[in-house]
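Visitor: This is the structure I have questions about; it appears just below.
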Amino acid sequence: MRLKLSKFGEKLTAGAGIVELMADLGSALNENPDLIFMGGGNPARIPEMEAVFRQGLEDVLKDPAKRYAMTGVYQSPQGDLAFRQQIAALLKAHFGWSVSADNIAISNGSQSAFFILYNLLAGNMVDGTNRSIHLPLTPEYIGYGDLGLSDNFFTATKPEIKLLEDSLFKYRIDFSQLQISGRTAALCVSRPTNPTGNVLTDDEIEQLDKIARAADIPLIIDGAYGLPFPNISFVEAKPHWNDNTILVLSLSKLGLPGVRTGIVVANEQLIQAFSQANTVINLASGNLGPAIAESLFKDSTIINLCQQQVKPFYYQRAQRTLALIQSHMQEIPYCIHRPEGAIFLWLWFEGLPIKAVDLYQRLKKRGVLMVPGEHFFPGIEDNWHHRHECIRISYAQDFPVVEAGIKILAEEVYRAYAEG
Ligand code: PLP
């Protein structure tokens, strides 16, 4: 039998960037552990966090009622009520947001939350028009790229590039070019941003909020790396939420990507729609994440752990990796996006004679996995050269691995420039 795929099937199997990335990640971490893996977004192993999660799991396993609740019952459609109440209390206490459990829904990872949210808001509308998600600043998260069920799902704005001292630069939203129309369904940003480690300033977020309100569309903020957890943000930035914001959080980057728990914080109407769609697609979200995390969310434990363990771990890693690049790449015209958060460095090799995707292949042959920049520009139609000059590296693996990878990267980039 020849497999005949629907349009949906064709779209989801057509070699999406995220599929290639996760396949590389799977083979690196599970099948070929000798690869120098600086590709996907797997979080680091932080022993103190692992100990806390193990304790959380042991507490559940020791208690027959909790054990049964974790494995023997479906979570309610919107997500475990006690867990939602704890999250709401935490957001209220720390940021003063006016949220209750009704403003919160649990998903099977934030990736699946984005699939639902995007397709709830954009695509083919009942009045026959099409709507798209606008990304006010690209580069943006590779995983958004193929989530839309209809064509032309994204529009995007190219950034302003601000050159800084010490071979650093920073992307800013170019508000003079940011154009939305009656066909824009929502604005979406990740903050801190995957792939660049950028943290949009409070001023940028305020302006986006105003634009979204004026257009009567939501502002989606992807806080996978952000506040209040895992808080991998190295600069001062005010967390943002109001009833026009959809904030999407996740337990993954705390060190729990395997439990697949995402959290959506939004107005009640949106949460209702989200929960209904989530029920159709998933029936219920998994219980494991809420069960392990419950004791951490009951008080401020999670906030303190992020502040004392997670943030400093990644901050030190970022600084060490930065220093390593600076020492190994003196002969190379490199530029690095200022590391302000998340778990990546974003390198820009201006005038690189080969495309970043070819550099990726050369590195792969030498046993190093990094992600070429091309995939991080959903919604940018034209062949902007900048996208072929950038590469994303993760610094979450053990440091000797990161160091070995940077050395090989420096050699390959040097060779590419030397070949002209
Ligand atoms: N958003 C961003 C910016 C990410 O980097 C990721 C994963 O790497 C996700 C969302 C999805 O994460 P998860 O589905 O594990 O919550």
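The values are calculated or read from the model by the stated rules, or taken from the named source; none is laboratory data. The structure presented is a predicted model; accordingly, all values stated were derived computationally and were not measured. Note that each Cβ is placed from the backbone with ideal geometry, even for glycine, and that neighbours are counted across all protein chains shown.
Visitor: Mind counting the residues in the stretch 246-277 that are within 12 Å of the chain's Cα centre (by Cα) and of a type in the set (K, R)?
Guide: Residues that pass the stated criteria total 1.
Visitor: Kindly provide the set of residues from the stretch 78-113 that are surrounded by fewer than 17 Cβ atoms within 10 Å (Cβ to Cβ), touching a helix residue (DSSP H, G or I) at 6+ places or on another chain (Cβ under 7 Å), modelled with pLDDT of 95 or more and under 19 Å from T245 (Cβ atoms), ordered by number.
Guide: S100, D102
Visitor: Could you list all residues from the stretch 205-226 that are touching a residue at least 40 places away in the same chain (Cβ under 8 Å) and more than 30 Å from D127 (Cβ to Cβ)?
Guide: A224, Y225, G226
Visitor: Within the stretch 139-159, can you find the residues that are of a type in the set (D, E, K, R) and either under 25 Å from M329 (Cα atoms) or in contact with a Pro (Cβ under 7 Å, 6 or more places away or on another chain) (or both)?
Guide: E140
Visitor: Looking at G405, is it part of a helix (DSSP H, G or I), under 24 Å from the mean Cα position of the chain (by Cα) and small (G, A, S)?
Guide: Yes, satisfied.
Visitor: G79 is checked against (1) within 16 Å of the ligand (Cβ to nearest atom); (2) on the phi < 0 side of the Ramachandran plot; (3) of a type outside the set (D, E, K, R) and fails just one. What number does that condition carry?
Guide: Of the numbered conditions (1) within 16 Å of the ligand (Cβ to nearest atom); (2) on the phi < 0 side of the Ramachandran plot; (3) of a type outside the set (D, E, K, R), the odd one out for G79 is (2).
Visitor: Condition first: surrounded by fewer than 17 Cβ atoms within 10 Å (Cβ to Cβ), small (G, A, S) and more than 30 Å from P47 (Cβ to Cβ). Now tell me which residues in the stretch 254-276 satisfy that.
Guide: A273
Visitor: If you don't mind, another one. Any idea which of L247, L251 is aliphatic (A, V, I, L, M), without any contact (Cβ under 8 Å) to a residue 60 or more places away in the chain, out of contact with any strand residue (DSSP E or B) (no Cβ under 7 Å at 6 or more places or on another chain) and crowded, with 23+ Cβ neighbours inside 10 Å?
Guide: Answer to the check: L251.
Visitor: Of these, K158, K162, which one is away from the ligand (no atom under 16 Å from the Cβ), under 26 Å from I325 (Cβ atoms), in contact (Cβ under 8 Å) with a residue 60 or more places away in the chain and surrounded by fewer than 22 Cβ atoms within 10 Å (Cβ to Cβ)?
Guide: K158
Visitor: Can you list the strands (runs of 3 or more DSSP E) found entirely within the stretch 168-237 that contain at least 2 residues being within 11 Å of the ligand (Cβ to nearest atom) and of a type outside the set (K, R)?
Guide: Answer list for the stretch 168-237: 184-190, 219-222.
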